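Contents: one structure, followed by commentary.
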Amino acid sequence: MSHAYTLPITGLNCASCVGRVDRAISALDGVDDVAVNLATETLSFSARDPAHVEQVVETLDRTGYPARATQIALDVEGLNCASCVGRAERAMAEVAGVETVAVNLATGRATIAGVEGILDVAALRRASRDAGYPATPVVDAGQDPSQSDRHAQEATRARRRVLLAGVLTLPVFVLEMGSHMIPAMHHWVMATLGMGTSWTIQAVLTALVLVGPGRAFYRLGVPALLKGAPDMNSLVALGTAAAFGYSMVVLLAPGLLPSTAQAVYFEAAAVIVTLILLGRFLEARAKGRTGAAIKTLLGLQVRSARVLRDGAAVDVALDDILEGDTLILRPGERVPLDGVVVTGQSHVDESMITGEPVPVLKGVGDEVIGGTINGDGAVQVTVTRVGQDTTLAQIIRMVQDAQGAKLPIQALVDRVTMWFVPAVMAAAALTFVVWIVFGPDPALTYALVASVSVLIIACPCAMGLATPTSIMVGTGRAAELGVLFRKGDALQSLSAVDVVAFDKTGTLTEGRPDVTDIVLAEGVNRADLLAVLAGLEVHSEHPIASAIMRAAARDGVQPAPVTAPDPLPGFGIQGTVAGDSVLLGSGRLMADRDLDTSGFRVAEQRFAQEGRTVLFAARGGAVAGLIAISDAVKASSAATIAQLHDAGLKTAMITGDRAETAQAVAAGLGIDRVVAGVLPDAKQATIADLQAEGLRVAFVGDGINDAPALAQADVGIAIGTGTDVAIEAADVVLMSGDPQGVATALHVSGRTIANIRQNLGWAFAYNTALIPVAAGVLYPAFGLLLSPVFAAAAMALSSVSVVTNALRLRGLRPTSHQPTQNGTPGGGAVRRMSTQPAE
C-alpha cells in the first residue's frame with residue numbers, strides 16, 4: 001500500500017530546477033505520482049516502503065535540492081539509565097524521516113532532527129511509547145513555566161513511592177535481619193510467631209513492595225528483556241524476582257531444596273527496591289537543582305505590563321502586547337519586553353542578562369532588554385520584539401539547546417552502555433554457574449546471593465548521568481555569568497583551544513572611535529572637507545562613520561549632498577559631490593587608486609605609533625587630508641589577556657587596521673601575535689593558517705566582517721553587543737561587551753569538562769571494581785561476600801554522587817587576574833607565540 005508524502009525542498013529557482021528534480025525522483029524504483037511545485041517549493045510523491053522515502057531524501061541531497069530540515073523536542077518519561085537512553089534513541093531512529101536523535105538522561109528530553117514533511121510527532125511518540133518510554137511534545141522555550149518544575153514533580157512522586165516501600169519493608173527487615181543480629185529477637189519471633197508465620201508475613205509484605213512501589217521495574221524491565229534489549233529495570237526485576245522466587249520455593253515447597261539451602265531472602269528483595277527508589281528520589285531532587293538556571297530565567301518573565309492605549313495606561317497580559325506598543329515603566333519594575341526608550345531616563349540593572357553588576361544609564365533611543373530591572377527613573381518604551389523573538393526567550397532557548405546537547409566525550413559512554421547490560425547479565429549467569437560448580441555448601445544459596453548482587457550493583461545509572469548533569473549545571477551557570485553556549489559541543493571544544501584570537505575594534509576596544517586630528521593638504525578647508533566626509537557617511541552605521549558625524553557636529557558642519565555613496569568593504573567608502581569623486585579610506589585604498597600620500601607620511605607614522613587609526617580623504621583625484629581616529633581600549637582587555645596567559649594560552653589579534661596601530665594596541669595589552677591590515681576573507685585565512693600549524697583556535701569578534709572568521713575558528717565567540725550576523729555565526733555568545741567574558745567562558749568550559757571526566761572516571765571505576773567484588777572474588781581469600789542489600793545501596797549512592805559532584809559547578813565564579821609582586825602574571829605555564837607584525 002502506497003503512502004503520499006509532501007516534502008518542502010530548497011534551491012528551486014526555475015523550471016529547469018523543477019525538471020531536474022522531477023527526472024531524478026521519477027527514476028527511483030518504488031516511487032510514483034511525482035510532482036514538483038515551483039511556487040510552493042515542494043515535492044509530492046507516493047512510496048510503498050520507508051526505504052524508498054530515504055532514497056528520495058538521499059537523491060534530493062545528491063541532486064542539489066535538499067529537503068528542508070526540521071527539529072522536534074519531546075519530553076520522555078521512564079528514563080533511568082544510559083541503557084534506557086540507548087533504547088529510546090534506537091526506537092525513534094527507526095521512524096521515517098529521522099536523521100539524528102539525542103536523548104538526554106538528565107533533562108529527560110529527546111531532540112530529533114529530520115526531514116520536514118516526513119518527520120511525524122505521532123510516529124515518534126508511538127515508537128518511544130512502544131519502547132517503554134512515553135513521550136510528550138515540548139512547549140516552546142519560555143512559554144511553559146511548568147517545565148522547570150518537572151523534576152520537582154518527579155521527586156514528589158518518588159518520595160511517595162519510597163515512603164510506602166519503606167513502611168512495608170521495615171517489618172520485613174526487622175523480622176529477618178533482627179533475628180540474625182539479635183539473639184533475643186530471634187527467640188521472641190520463634191516463641192510468638194514461629195518461623196513459618198514470620199516468613200509468611202515477610203512474603204506478603206515483600207509482594208506488596210514489588211507489585212506496589214516497585215512495579216515500575218517489572219512493567220518496564222520485563223518487556224525490555226523479552227525484546228532482547230534489557231535495561232537497568234531489567235536488572236532490578238531479575239535480581240528481585242530471583243530473590244523473591246527462591247524464597248517462595250523455600251516457603252511453599254521446601255522439599256525441592258536441600259536442607260542446607262533452605263533460607264529466605266524476602267528482606268533482600270524488599271530492601272533492594274526500597275534503596276533503589278530512595279536513590280531515585282535523591283537523584284530526582286538533585287537533578288531538579290541542575291535546572292535552576294532555566295527556572296531563574298523563566299522567573300525573569302512578567303505576566304502583564306502597563307501599556308499606553310488610546311492615551312490611557314492599562315494593564316495588558318504579556319501575550320496580548322504587540323510590536324509598536326508603548327510600555328510605561330515605573331521605578332523598580334521589571335522590563336516586560338525588548339524595546340527602545342522613547343521618553344525619560346533611568347539606570348537599568350542588566351546583571352541577570354549580561355552578568356554585569358553595574359546598572360546602565362538608558363535614555364531616549366537606547367535599547368532595553370526584557371527581564372532587566374528599571375532603576376529610579378520613569379520611562380516609556382516602544383516594544384520592538386515579542387514572544388519567541390525577545391532576547392530572554394532566545395537566551396532560554398540557547399541554554400536549553402546547550403543543555404540537551406551530546407558532547408563528543410559522550411560517544412564513549414554510548415558505545416560502552418550499548419553492550420553493558422547484556423554483559424552484566426552474562427556475568428551474573430557466569431557467577432551463578434561458578435558458585436554452583438565450585439562453591440561450598442550451600443552452593444545454591446551462595447550462587448543466588450552473588451548473582452543477584454552482580455545484577456543489582458552494575459546498573460549503569462551513574463554512567464548515563466555523568467555527562468548530561470554536568471552539561472546542565474555548567475551551561476546554566478555560564479548563562480548566569482553572561483556566557484551563552486549556542487552549540488553544546490562548544491563546551492568541550494573551548495576547553496581544548498591553544499590560542500585565542502581577537503578582533504580589535506569593538507572587541508578589545510570600546511568600538512566608539514573619535515576623530516582626534518585632521519591634517520589638511522595645502523588649500524583645503526577643514527569645514528568643507530568635514531562636510532563632504534559627513535555626507536559620505538551620513539547613512540552608514542560603521543563606528544568610524546559615527547566618529548566622522550560627531551566631529552562634524554562638534555564643528556557645526558552640515559553634511560554635504562553626496563550622490564551614489566558606495567561602501568568598499570575592507571577599504572573605505574566612495575561617492576560623488578559636485579561632480580568630483582570623493583574617497584575616504586585606508587592607505588590601501590589610496591594606493592589602489594594610485595593616489596600619493598607621501599606628503600602625510602610623517603604624521604601617519606606618528607599617529608599609528610600612538611595606536612590611532614589613520615584614514616585618508618581624497619577629492620577630485622588628489623589626497624585632501626589625513627584623519628586620525630582613536631578608539632579607547634576597554635578597561636578589562638589587559639586583564640583578560642593576562643588571564644589567558646595565566647591559563648597557558650596563546651593570544652593573537654587579527655585586524656583590518658594598519659600594522660603600526662595594531663602593534664601599538666597589542667604591545668599595551670601583551671598580545672603575542674599580531675596580524676594586521678587584513679580584509680574579512682583574510683581573517684578567515686589567517687585562522688586557517690593557525691589551524692594548519694596544529695593549533696586549535698578560538699576567535700572573538702563582534703562585526704559583520706568577523707562572521708567568516710567566527711565560522712572558521714574551532715570555537716567562535718561573539719561579543720553580545722555586536723551584530724546579529726556575528727552572533728549567528730558564533731558558537732558562544734558573551735551577553736555583555738566585556739572581553740572578560742572570554743576568560744569566564746574558558747574557565748566554565750574547563751571546569752565542566754573536568755567535572756565530566758571526574759564523573760565518568762567514578763562511574764567506570766565503580767562498575768569495574770565492584771562487579772568482581774559482588775561476584776565473590778574476595779570470598780576465597782577473606783570470606784567476604786557482598787549482600788544484595790549493600791549492592792543496592794552502593795548502586796543508589798553512585799548515581800547520587802555523580803549528580804552531587806555536578807552540582808558543585810553551581811559555585812563557579814568569574815575568573816580574576818592576580819599579578820605577582822613583580823607585576824608579571826602569576827599562575828599556569830605561559831606558552832607564547834612569537835610576535836609577527838604584518839607588513
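The values are calculated or read from the model by the stated rules, or taken from the named source; none is laboratory data. In this text the structure is predicted, and so the values were computed from the model without any measurement. For neighbour counting, all protein chains shown are included, and Cβ atoms are generated from backbone atoms with ideal geometry for every residue, glycine included. Only protein heavy atoms, including side chains, enter the accessible area calculation; ligands, DNA and RNA are left aside. Shrake-Rupley method; radii C 1.70, N 1.55, O 1.52, S 1.80 Å.
Taking all protein chains as they are arranged and a probe of 1.4 Å, the heavy atoms of Ile72 leave approximately 30 Å² accessible to solvent. The mean sequence separation of alpha-carbon pairs under 8 Å and at least six residues apart, normalised by the residue count of the range 1-138, gives a relative contact order of 25 percent. Heavy-atom accessible area with a 1.4 Å probe sorts Ile719, Ile373, largest first, into Ile373, Ile719. Taking a threshold of 24 Å on the Cα-Cα distance, which of the pairs Lys227/Lys487; Lys362/Lys634; Lys362/Lys504 fall above it? From the list (Lys227/Lys487; Lys362/Lys634; Lys362/Lys504), the Cα-Cα distance tops 24 Å for Lys227/Lys487; Lys362/Lys504. On a per residue basis, the chain carries 42 Å² of accessible surface, using protein heavy atoms and a 1.4 Å probe.
Across the range 623-684, Cα pairs under 8 Å and at least six residues apart give a relative contact order of 32 percent. Computed with every protein chain present, the accessible area of Ile771 is close to 40 Å² [probe 1.4 Å]. Of the residues Asp498, Asp22, ranked by 1.4 Å probe accessible area with the largest first, the sequence reads Asp22, Asp498. Per-residue SASA remark: Arg129, around 130 Å² accessible (1.4 Å probe; ligands, DNA and RNA not included). Applying a DSSP loop filter and a limit of 11 other Cβ atoms within 10 Å to the GluC sites (Glu not before Pro) in the range 459-543 leaves Glu522, Glu541. Put His539, His645, His187, His747 in order of accessible area, highest first, and with a 1.4 Å probe you get His539, His187, His747, His645. Taking amide H as placed 1.01 Å from N in the peptide plane, the amide H of Ala624 sits under 5 Å from that of Ala617, Ala618, Arg619, each at least 5 places away or on another chain. The Rg/Rh ratio for the range 442-548 is 1.51, where Rg is the radius of gyration of the alpha carbons and Rh is the Kirkwood radius. The range 307-337 and the range 587-638 have their alpha-carbon centroids 48 Å apart. Within the accessible surface of the range 299-400, defined with a 1.4 Å probe on protein heavy atoms only, the carbon and sulfur portion equals 50 percent. Dividing the helix sum by the residues of the chain, where each DSSP H run of 4 or more adds -39500 (n - 2.57), gives a mean residue ellipticity at 222 nm of -15500 deg cm²/dmol. Please report, as a whole percent, how much of the solvent-accessible surface of the range 203-242 comes from carbon and sulfur atoms (probe radius 1.4 Å). Carbon and sulfur: 74 percent of the exposed surface of the range 203-242.
Where the accessible area of the range 648-721 is counted over protein heavy atoms with a 1.4 Å probe, how much of it, in %, is carbon and sulfur? Result for the range 648-721: 51 percent of the exposed heavy-atom area is carbon or sulfur. Based on Cα contacts under 8 Å between residues 6+ apart, the chain shows a relative contact order of 12 percent. The length gained by stretching the chain between Asp310 and Ser598 to full extension, at 0.36 nm per residue less their Cα-Cα distance, is 97.3 nm. All Cα-Cα distances of the chain, cut into 20 Å bins from zero to the largest, leave 13, 34, 32, 15, 5, 1, 0 percent in each bin in turn. What separates the Cα centres of the range 727-776 and the range 538-555 is a distance of 46 Å.
Electrostatic bookkeeping for Ser749 treats Lys and Arg as +1 and Asp and Glu as -1; over the other residues with beta carbon under 14 Å from its beta carbon, the sum is +2.
Residues in the range 333-343 carry Karplus couplings, in order, of 7, 7, 5, x, 9, 5, x, 10, 5, 10, 9 Hz; the curve used is 6.51 cos²θ - 1.76 cosθ + 1.60 with θ = phi - 60°, and Gly or Pro positions show x.
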